[in-house]
Number of protein chains: 2
Amino acid sequence: MSATPPPNQVFIGTFIHSKALDELEYLHNTAIFVEGPTGTIVAVERECDKTRRLDETFNRLGWSAAECKIYDTTPPSSSSSSSAQNESDASLSTPPPPVRFFFPGFIDTHIHASQYPNAGIFGKSTLLDWLNTYTFPLEASLGRDAAKARRVYARCVARTLAHGTTCAAYFATVDVGATNLLVDLCLAKGQRALVGRVCMDEPATCPAWYRDEDAAEGLERTRECVAHARRADPEGGLVRPVVTPRFAPSCTAASMAALGRLARDEGLAVQTHVSENKGEVDLVASLFPAESGGGAGYAGVYDAFGLLSDRTILAHAVHLSEAEAALIAGRGAKVSHCPCSNSAITSGAARVRWLLGKGVDVGLGTDVSGGYSPSVLDAARQAALVSRHVAMGGEEGDKLSVEEVLHLATRGGARCVGLDGVVGGFEVGMQWDAQLVALGVVGEDGGGGGGEGNVDVFGWESWEEMVAKWLFNGDDRNTTKVWVKGRLVHERRS
Amino acid sequence: MSATPPPNQVFIGTFIHSKALDELEYLHNTAIFVEGPTGTIVAVERECDKTRRLDETFNRLGWSAAECKIYDTTPPSSSSSSSAQNESDASLSTPPPPVRFFFPGFIDTHIHASQYPNAGIFGKSTLLDWLNTYTFPLEASLGRDAAKARRVYARCVARTLAHGTTCAAYFATVDVGATNLLVDLCLAKGQRALVGRVCMDEPATCPAWYRDEDAAEGLERTRECVAHARRADPEGGLVRPVVTPRFAPSCTAASMAALGRLARDEGLAVQTHVSENKGEVDLVASLFPAESGGGAGYAGVYDAFGLLSDRTILAHAVHLSEAEAALIAGRGAKVSHCPCSNSAITSGAARVRWLLGKGVDVGLGTDVSGGYSPSVLDAARQAALVSRHVAMGGEEGDKLSVEEVLHLATRGGARCVGLDGVVGGFEVGMQWDAQLVALGVVGEDGGGGGGEGNVDVFGWESWEEMVAKWLFNGDDRNTTKVWVKGRLVHERRS
């Protein structure tokens, strides 16, 4: 990524973003002005007559059009309304142009970068045997082999950017050097990230070859990673450190208490897992009888150690009690819903509607490699499908709509990572973290449009239907460009 | 597709296919000899030393190597064992070559070609409202507009071929002309298919603008389509007609009885839906009290009309009773499991392990557009995931493994479409219906390998792990070539 800040930019076309949990807004013929040095959206001009309105805005902002980079995504000869509805314009000789729109970058609220090479590998395991069989050996190997860590992390960041992930909350490994490398790679590649060194020091559950010696060592190593991240990105504008106790069963009480104090004293975000699997829930109850007793449950353990605040991201939250959900809501802690993972390793089906109803903020996590896919679009698709399994066992109203899962993937995620109002939508004052999506249009003879992946637009679809097609059949081929803070960080080779 | 039969061919490399429900066989350094005119596998030479063994086989078959087309997929300078395990050979300057293997073509045992443009569009609907809102209007429109039918069917056949579907059991529409067009397109593009005109004549459930007038008209139209398919492919070597009562609620008793007689008299396959959705099950009980009574259930209705035989494919089978499963097993009828569809339109979670335990043959169906994806690989992935939801509500043993869902996608499907022992595996005497799969390998610097889609091989994986990665992150980009009956019918533009 270039160190030079980009120039002022104007993006012109259709913008789609979430306005509310169940509402996507469609802004057609719109121009969004992004200030170069800060990546901030400074103007959103809707339904604009390009020549006149752009000039007015340039004048108002004091910008020179000549010095701006202008991305005009409207088809060359289109009329003023949606090109996608102009089926009769399609020519037989040249393939129809794709339908294009800007969408906010996705936010992955839970992903283990270190486990990326194991994506898709989990057999018939469930959480606790999966950790020992597949996960700990791979994570430990990255600490012993810096070249391997670089290869794995570089690929993971490049892949998630290609999937439109403009911000990720990463678990790295126990190792300080490898964790710091992940920070450096996120900065180099321009991805917004929270990066956490994994804290685990409980000898009863963590292998001797992969853990912190004790709470003091865990704290010290965590401080080293916090310091590195703060040196690398002093303002935390792109990358921030995050306190990361793996999960209660892998941490001693002393460790969690120390990490809770660190997070409070330093104003740091916290990420961990909660109530993913029934065996794990039982294990927590047996390991922390005092903290989890009296109905406090698994979530109560984190609360007892000062780890539950509005800067905390809890992954999974599948088997929570009413009391735990109320506690999480009361503390303002966030939930990362990881549907691919929860189905793949047979953890359960999280009740997202129920959590939202309790006032809990929810985002989506790929949870690579409990989850098999590093794509938040895949996570959103599976969130819709898993919600239907929840509905089959309960209330019809538990189903999540296209609009709702895309809300979780953007605005919901932004709330989880402490960037509510900063990213996840197209509004003046927010940052330009965005993706340009292209959907292929089928030619009159049934050909064409193949370059943009598996979504086939026939031309008669409504915009709502095209977005549904993207959600259910889209992939990284549809994400043609990705920006973070106004910087182009991924461009698809066509 | 060329009308000239291909020459004799030899395929060399790694072949992976299903040997049993829970077993994939890995044939490395193997050569498979395919006879040109018939597309039949005439020799499988394992662990062959290329120069010597190939010559011996050429001599035995009386073939001339010079007149053969030879596809050697082994990497140029590889040693005798798997290239994928040679991580240290990877060069920094050139991207590592992909890992390649042949896999049997997929069999889609249930897909509505006419609904292809609606893939991904279903909102929060369930079966009966989904039919009226999304499905019937689209299907009916293809009968009124031949150009639209051609565009939709051409795209559907091209897409499914690109996904590695070498054989599909298609529902077309009520319209004779459009159904015949689908037959012609499958033949032209070289896809093996069962093509069925949809029979529906029950005025109480079918709109006046989209149904057969009565049983007699339905039978006559069906006969026309059967005759067309038989004229187009007299031996049925590629395309065969299939009797297709939509489902019991859309057919009068007279119609089902007539279709049952037609299927028996003409030796035709039958395809329909059974027990997809609870509301539908109740509807069948109320429409056919006599036939479904006494525990006969929904499946009993088809049996009463002579529609349940070992040539019958029943899609879904989500809510069957023990007695129905026993009846289906007793008749030798087949089940098409459609996990994407069952989750998407909230039908339920079919108990595949339970069906297999009853002795029922099961294949996979994409069920476009109740299912959102035309890819059988997607269906296999979702079959694994949905089985985990079944397991969460029942027995741990209900989970389906990677090996099992890929068995359903190939051998299981072959049994459903009446091609057991003909397609679905690599054995002497079987047809060469196959795909060449390529998985990208990550370079030492974390780059490379992007052309082959989202699967990232790091080089240390076992073959079993690479296949799991393909199942969970693969897509049509990994399917680089597809053959049916020895003919190359799809080649990926790289």
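The values are calculated or read from the model by the stated rules, or taken from the named source; none is laboratory data. Predicted model, so just to flag it, every value in this text is computed and none were measured. Counting neighbours? That spans all protein chains shown, and the Cβs are built from the backbone with ideal geometry, glycine included. We work out accessible area using only protein heavy atoms, side chains counted, and drop any ligands, DNA or RNA first. Shrake-Rupley method; radii C 1.70, N 1.55, O 1.52, S 1.80 Å.
Miscellaneous remarks
- Hits in the range B:217-248 - residues which are touching a helix residue (DSSP H, G or I) at 6+ places or on another chain (Cβ under 8 Å) and farther than 30 Å from residue B:432 by Cα: B:218, B:219, B:221, B:222, B:223, B:224, B:245, B:247, B:248
- Considering A:146, A:178, A:204, the condition of being modelled with pLDDT of 95 or more, within 24 Å of residue B:441 (Cβ to Cβ) and over 24 Å from the mean Cα position of the chain (by Cα) is satisfied by A:146 alone.
- Index of the failed condition, residue A:408 passing every other in (1) assigned by the TED database to the domain that holds residue A:378; (2) closer than 30 Å to residue B:318 by Cα: (2)
- Residue in the range A:350-363 that is within 16 Å of residue A:475 (Cβ to Cβ) and at pLDDT 95 or above present: no
- Considering residues of the range B:457-476 that are over 21 Å from residue B:412 (Cβ atoms) and open to solvent by 10 Å² or more (accessible area, probe 1.4 Å) only, the residue farthest from the other protein chains (Cβ to nearest Cβ): B:463
- Scanning the range A:242-276 for residues that are open to solvent by 40 Å² or more (accessible area, probe 1.4 Å) and not in a helix (DSSP H, G or I) turns up just one, A:267.
- Residues that are modelled with pLDDT of 95 or more and open to solvent by 10 Å² or more (accessible area, probe 1.4 Å) were ranked within the range A:393-407; the one that is nearest to the other protein chains (Cβ to nearest Cβ) is A:401.
- Here residue A:296 meets the list (1) more than 27 Å from the chain's Cα centre (by Cα); (2) crowded, with 23+ Cβ neighbours inside 10 Å almost entirely, failing just condition (2).
- Test for residue B:283: is it in contact (Cβ under 8 Å) with a residue 60 or more places away in the chain and in the same structural domain as residue B:378 (by the TED database): yes
- Residue list for the range A:153-177, filter: under 24 Å from residue A:452 (Cβ atoms) and among the β-branched types (Val, Ile, Thr): A:157, A:160, A:165, A:166
- Boolean, residue A:326 is more than 21 Å from the chain's Cα centre (by Cα), more than 10 Å from chain B (Cβ to nearest Cβ) and buried (at least 24 other Cβ atoms within 10 Å of the Cβ): no
- Count of residues meeting criterion [open to solvent by less than 10 Å² (accessible area, probe 1.4 Å) and within 14 Å of chain A (Cβ to nearest Cβ)] in the range B:329-346: 8
- Some residue of the range B:414-428 being closer than 28 Å to residue A:155 by Cβ and more than 12 Å from every other protein chain (Cβ to nearest Cβ): no
- Here B:84, B:65, B:43, B:20 are screened, and the one residue that is under 32 Å from the mean Cα position of the chain (by Cα) and at pLDDT below 95 is B:84.
- Selection count where residues are surrounded by fewer than 24 Cβ atoms within 10 Å (Cβ to Cβ) and more than 25 Å from residue A:71 (Cα to Cα), scope the range A:408-456: 9
- Restricting the range B:123-151 to residues that are more than 30 Å from residue A:404 (Cβ to Cβ) and crowded, with 24+ Cβ neighbours inside 10 Å, the residue that is farthest from the other protein chains (Cβ to nearest Cβ): B:142
- Scanning the range B:223-241 turns up no residue that is under 24 Å from residue B:370 (Cβ atoms), outside any strand (DSSP E or B) and out of contact with any strand residue (DSSP E or B) (no Cβ under 8 Å at 6 or more places or on another chain).
- Test: residue in the range A:352-365 that is within 9 Å of chain B (Cβ to nearest Cβ) and either crowded, with 24+ Cβ neighbours inside 10 Å or more than 19 Å from residue A:131 (Cβ to Cβ) (or both): no
- Any hit, the range B:480-494, residues being open to solvent by 10 Å² or more (accessible area, probe 1.4 Å), touching a Cys at 6+ places or on another chain (Cβ under 9 Å), more than 10 Å from every other protein chain (Cβ to nearest Cβ) and more than 26 Å from residue A:124 (Cβ to Cβ): no
- The residues listed here are A:183, A:198; of these, the one that is over 19 Å from residue A:252 (Cα atoms) and within 27 Å of the chain's Cα centre (by Cα) is A:183.
- Selection count where residues are touching a helix residue (DSSP H, G or I) at 6+ places or on another chain (Cβ under 9 Å) and assigned to a strand (DSSP E or B), scope the range A:20-35: 8
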